[in-house]
Every structure is written in structure tokens, then in C-alpha cells.
1. List the pairs from K68/K172; K100/K172; K68/K169; K35/K68 whose alpha-carbon separation is above 32 Å, in the order I gave them.
2. Can you give the convex hull volume of the alpha carbon atoms of segment 102-221 per residue, in Å³?
3. Can you compute 3J(HN,Hα) from phi for each residue in segment 30-37, using the Karplus curve 6.51 cos²θ - 1.76 cosθ + 1.60 with θ = phi - 60°, rounded to whole Hz and x for Gly and Pro?
4. Residue-wise, which Karplus ³J(HN,Hα) couplings in Hz belong to segment 72-83, taking 6.51 cos²θ - 1.76 cosθ + 1.60, θ = phi - 60°, and x for glycine or proline?
5. So, in Å, what gap is there between the alpha-carbon centers of segment 89-168 and segment 39-62?
6. ³J(HN,Hα) across segment 158-173 via Karplus (A = 6.51, B = -1.76, C = 1.60, θ = phi - 60°), whole Hz, x for Gly/Pro?
7. What is segment 58-112 by shape, rounded, prolate or oblate, if you read a ≥ b ≥ c off the alpha carbon gyration tensor as root eigenvalues and call it rounded for a/c under 1.5, prolate for a/b larger than b/c, and oblate otherwise?
8. Could you pull out every residue, at least 5 positions away or on a different chain, whose amide H is within less than 5 Å of the one on I144? Hs are placed 1.01 Å off N in the peptide plane, and Pro or chain starts have none.
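Please treat every number below as a calculation from the coordinates, not as lab data. Remember, predicted model here, so these are calculated numbers, not experimental data. All Cβ positions, even for glycine, are placed from backbone atoms using ideal geometry, and neighbour counts span all protein chains on display.
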Amino acid sequence: MRHQMRCGPAKPAAVRPAARSPRVACRFSREEQLKFISHLDIIRTIERAIRRAAVPVAYTQGHNPRAKLSFASALGIGVTSEAELMVIELDHILPPDEVKQRVNEQVPAGLEVIEAWAVPAYRGRYRLGDIDTAEYEMEVAGPIPEFVEDSAGQLIASPTYVITRETDKTSKQVDLRSLVSRVEVVEHGPDHAVVRATARTGSQGGARPDEILQALGIDLDRCQVSVHRTALRASGGVRAAARTAKGQ
């Protein structure tokens, strides 16, 4: 008696994931000349520079194609930086040093790509939206309270430090302590101070440099303040900083 062999449906062939477009990450600076320019205007300026530089940037599909660029946490108005980050998705491979050179030839004074590096193809999760921490250096000229250093220590030692954050239409209570992980007064005298701080940033909310200085008892109405962002970091995924630059 013959036995008929029954075969199940053929297994579909394994589908290999589509190759990811090459990407280049850049760290760039924003200097005094551009500190009052909005984040959106900076993005537009860089997009124009990339087009003029003939960088082979990839574009989205659809009726209104846009260059595939992503940027890290927006920089506040009036703040300078050496740690701004963007990722450029390319249509085809171009060496990072070539991207850096071409863009720098087209951006205005006050913008400069400091370094560029290739994002490894296997790193699917390389989202600048993961960045949630910023480091700042703040220089203050004006009357400085004698207790400013003690105030920095008390802020970090406190379990909570509630402030009132006001906007044009609303006000709300915010726990500043939960948003700040480090405050250090590295230099101070009767009429000047240098403060370094590490604070939360990004779309989930963060601490503003002026709020940190006010928590130290500094009267901003009587002082001139220069704020410089020195690093951006993420709890996981992409990590980038001014002095340890390349993603790890």
C-alpha cells in the first residue's frame, strides 16, 4: 500500500532587510554672531548650505520632498554652543571629512562643522531624539552673593527644589532638582562667577540655565550672563559630547 506524502506550504524565503542609506553625524558650533537666531532658521540655513555644497543628501518621497536631516535638542535663544548635533542621510556614500569640508565652505560665519563621522550601518537606533542631557558653562558679570557656592551644594543635596515657571498665559510648579544632576561654581568673586551645570533637555522637558542661576540667588536683572552649551548626551543610544565627540 502506497502512502502519499503530504507537504505543507513552502516556507517563504527569508527577506533580508533593505540596506540602510549611509549616514554622517556632525558636531557643529554656533557662535556669538548667531546666538539670537532661532533653531528653525538655523536648520534652514544648514539645508541651503548642504544644497549649495552639492552634498548628496537623501530626500523624502511625496509631493514636497525634504532633505533627510535630523537635529538634536534645540538651542535656546541667546546661547552659544560647541556641541550641536545633526545626522545627514545620504543618497550615496561621501566620506565624512568631505561632508565637513563642503558644508563649512557654504555656511555663514558663526556656524562651523567641527567634526563629522560615519554612522555605522548596523546601528539602526541612532536617534538624536534620544538625547536628554546638556552641559552648560555660564559666565556671570554683576553682583554675586557670597553664599553662591553653598547654594549650589544645597540645591544638589535637596530632594526637591520647586520653582514657578511662568509663560505668557500660564504658570506651573516645576521641581528643578529633578531636572538638574550637577551644579558647580568653579570660580566666583564679588562681581563675577563661572558656573557649570548638567541638566535635562529635550522634548520631555528640561531646566533652563537662567532657572539654575536664579536658584543660586543670582539676580539676573542686575547681571550680564553668557551661556555656552558644551555637551549633549543621551541615557542610551547615541552619545555625543564636546570633548568625547564620536558616538559610542
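1. K68/K172; K100/K172; K68/K169
2. That works out to 185 Å³ per residue.
3. 10, 9, 3, 4, 10, 6, 9, 8
4. 7, 3, 4, 8, x, 4, x, 10, 9, 7, 10, 9
5. 21
6. Along segment 158-173, the couplings run 6, x, 9, 8, 8, 10, 9, 9, 10, 10, 4, 10, 9, 9, 8, 8 Hz.
7. oblate
8. Residues meeting the criterion, in which the H sits 1.01 Å from N, are D191, H192.
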